[in-house]
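Below is one structure; the comments refer to it alone.
The values are calculated or read from the model by the stated rules, or taken from the named source; none is laboratory data. Quantities reported herein were computed from a predicted structural model and do not represent experimental measurements.
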Amino acid sequence: MSTHFIGEGNIGSAPEFREFSKGNDEPNRLLRLNVYFDNPVPKKDGTFDDRGGFWAPVELWHRDAEHWQTLYQKGMRVLVEGRTVKDEWEDAEENERSTFKIDARRVGILPFRIEAVTVSVKPGTREPDPEPNAT
């Protein structure tokens, strides 16, 4: 069972990167985030109450997942798009458990608390010429 999901929240812990080998093929790369999806409801005094927020594991499978592990940071505000997936497993006492996770298609960084952004040069292109000084 899965359902389309779009949600905004904060990363709650350092991202976790894993790599799974596939023989001689390029390995599958996974970036796992723990995100709190809040539901801020405005109050009359201008502050907000969080009603119905929830934590969810977010899994992003991508070849650049290892690099993104350093890009995404605890406390960062993100917009997650993907699908919810029911994950069934057994705990240490062999009790059947289930939880929902987000199989992310995209995880966008929102500009809250961001101090700077640096964009790398597109592979196969040369650096743009610096702008001439204005006089």
Inset, instruction - Of the conditions (1) at positive phi; (2) modelled with pLDDT of 90 or more, V107 clears all except one; give me its number. - result: (1)
Legend entry - Of residues in segment 1-52 being more than 17 Å from A65 (Cα to Cα) and of a type in the set (S, T, N, Q), the one modelled with the lowest pLDDT: S2
